[in-house]
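What follows is a short report on a single structure.
Readers should treat all values here as calculations from the given coordinates under stated rules, not as data from a laboratory. As the structure is a prediction and not an experimental result, all values here were calculated from the model. Ideal geometry is used to build each Cβ from the backbone, glycine not excepted, and the neighbour counts take in all protein chains shown.
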Amino acid sequence: MADINFKEKGAAKVRPVAHWLLLGVAMLVIQILLGGVTRLTGSGLSITEWKPLLGAVPPLNEADWATAFEKYKEIAQYKYLNSHFTLSDFKAIYFWEWLHREWARLMGVVFLVGFGWFLYKKQLTREMVRPFVVLFLLGALQGALGWIMVASGLNDTNLYVSHYRLAIHFMAALLLVGYTFWFMLRLRVPETDRIFHPALRRNTVLLLSLLTLQLIYGAFMAGLKAAPAAPTWPGINGHLFPENIHQYGDRVFGGMQYLADHPLVVHFIHRSFAFLLCVGVLVFTVQAAGIKNIRKAPALGRWYKWPLFFVLIQAALGIFTVLNAPKATNSHMGIYEWLAEAHQLVAMSLMLSLLAVLFAVSRKR
């Protein structure tokens, strides 16, 4: 996105647009959390059809419910995992997936209606056109990726969706959140509140890159259900490193596919990135606090402490989540599932706090 600060075009004119975008960020975060609930409760494959418009209406009578349930019975997840399900059980998981899709439709309405309204009120400048086009394209892509992910589990073989497709879907959602948030910052934060600081900017980019890897492996953790593989801390089932990992798969990628496919290895890598993030954010915070003219950079002064706050909470939640992994239900929201949801929420908060800091230190020279 080009570095154009719309605030200078007229604060009163663009402020409502910024508030609307902030609402969009909040709705996107809720959508990702709903996606987490569908995954944790095993609800993601309950709706076996993709109907962007007609799918908004759930089954309205017992005959419709019976038809939807019969379609679910055709896939492996029901045959080999949930064959004990009654129609009542099916309705419970169907609700979460339906709500997840319905919230996506609501977001589409909010964005389209808002865009039309601000266009009518002539509050959209020419410089906003390209970012909005990108925003809508990213939204459409996200919907398509969601169905591609679900389709990977609608067969007679897989109990769950592909963890690779899950990671792509998740990261595309975070890209949409981050892009919308950055767009909002350009409307709300004046150029005079920012600072030119190449060193901090470089370090923030490094932290965001590390966080990206951490989030990808978090998605692998979710898709592989890898938390129960090592429900211990600080060691990995009593060891510093996972044992016997080389026994897993020696035919693909020179025997290195276990780095993304072995639940225990994925778990270990996810933990390792968490440790590096904590250290990196701590070093960054000390570096930012030592800037002599930080008072001349109001945005950085307001935001530089937040990444450390979030990364410490994130680490604590990660520990409690894995310790409670044996309590996973895979069908409803228990203590493990709620901890996992909180873990995901704080991860997104950490990402947004680092994006805010990056924006604050990216002023033109």
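Given a Förster distance of 45 Å, report the FRET efficiency between Phe196 and Ile319 from their Cβ-Cβ distance, rounded to the nearest 0.05.
Numbers: r = 38 Å, r/R0 = 0.85.
So the FRET efficiency works out to roughly 0.70.
In terms of the ratio Rg/(2.2 N^0.38 Å) built on C-alpha atoms, what value belongs to region 267-365?
Normalised by 2.2 N^0.38 Å, the Cα Rg of region 267-365 equals 1.30.
Among 72-84, 166-178, how do they line up by average Cβ neighbours within 10 Å per residue, starting with the highest?
Values: 72-84: 15.6, 166-178: 20.2.
Averaged packing, sorted descending, gives the order 166-178, 72-84.
Among 18-24, 229-235, 140-146, how do they line up from the highest to the lowest mean number of other beta-carbon atoms within 10 Å? Write out the running numbers ahead of the final one.
On the way: 18-24: 18.9, 229-235: 14.1, 140-146: 15.9.
The densest-packed peptide leads the list: 18-24, 140-146, 229-235.
Output the pairs from Lys225/Lys327; Lys79/Lys225; Lys71/Lys91; Lys296/Lys364; Lys51/Lys73; Lys73/Lys327 with a Cα-Cα distance over 22 Å in this structure; if there are none, say none.
Values: Lys225/Lys327 13 Å; Lys79/Lys225 19 Å; Lys71/Lys91 13 Å; Lys296/Lys364 15 Å; Lys51/Lys73 19 Å; Lys73/Lys327 26 Å.
Over 22 Å Cα-Cα: Lys73/Lys327.
Based on the alpha-carbon gyration tensor of region 194-365, what equivalent-ellipsoid semi-axes (square roots of 5 times the eigenvalues) come out, in whole Å, largest first? Provide the component values of the computation, followed by the final result.
Working: eigenvalues 234, 68, 33 Å².
Ellipsoid half-lengths, sorted descending, are 34, 18, 13 Å.
Given Trp65, Leu187, Val177, which one lies farthest toward the positive end of the charge dipole of region 1-188, if we put +1 on the Cβ of every Lys and Arg and -1 on the Cβ of every Asp and Glu?
After comparing all options, I get Leu187.
So if R0 is 51 Å, what FRET efficiency would Phe136 and Glu62 give, r being the distance between their Cβ atoms, rounded to the nearest 0.05?
Values: r = 39 Å, r/R0 = 0.77.
Step by step, r from the Cβ atoms, then E = 0.85.
Where the only charges are on Cβ atoms (+1 Lys, Arg; -1 Asp, Glu), what is the dipole of region 1-188 about its Cα centre, to the nearest 20 debye? Please report the intermediate quantities before stating the final value.
Details: 19 positive and 12 negative charges, 217 e Å.
Roughly 1040 debye, rounded to the nearest 20.
Among 273-280, 214-221, how do they line up from the highest to the lowest mean number of other beta-carbon atoms within 10 Å? Each step should come with its number before you reach the end.
Working: 273-280: 16.2, 214-221: 23.0.
Per-residue Cβ counts within 10 Å, averaged per peptide and sorted highest first, yield 214-221, 273-280.
Give me the distance in nm between label points sitting 7 Å out from Cα along the Cα-to-Cβ direction at Lys364 and Trp50, one decimal.
4.2
Work from the charge dipole of the chain (Cβ charges, +1 for Lys and Arg, -1 for Asp and Glu, about the Cα centre) and give the residue of Leu87, Ala151, Thr285 farthest towards its positive end.
Thr285
May I have the pair-distance distribution P(r) for the chain, computed from all Cα-Cα distances with 10 Å bins from 0 and rounded to whole percent?
5, 21, 29, 25, 15, 5, 1, 0
Could you quote the convex hull projected area for region 1-188, Cα atoms only and averaged over all directions, in nm²? Walk me through the numbers on the way to the answer.
Working: hull surface 45.0 nm².
Spelled out: convex hull of the Cα atoms, projected over all directions, averaged, 11.3 nm².
Given R₀ = 30 Å, FRET efficiency for Phe309-His332 by Cβ-Cβ distance, to 0.05? It would help to have the intermediate numbers written out before the result.
Values: r = 31 Å, r/R0 = 1.04.
Efficiency, from the Cβ-Cβ distance: 0.45.
So if I place +1 on the C-beta of Lys and Arg and -1 on the C-beta of Asp and Glu, and nothing else carries charge, what would the dipole magnitude of the chain be about its Cα centre? I want it in debye, nearest 20. Write out the running numbers ahead of the final one.
On the way: 34 positive and 19 negative charges, 441 e Å.
The dipole of the chain has a size of about 2120 debye.
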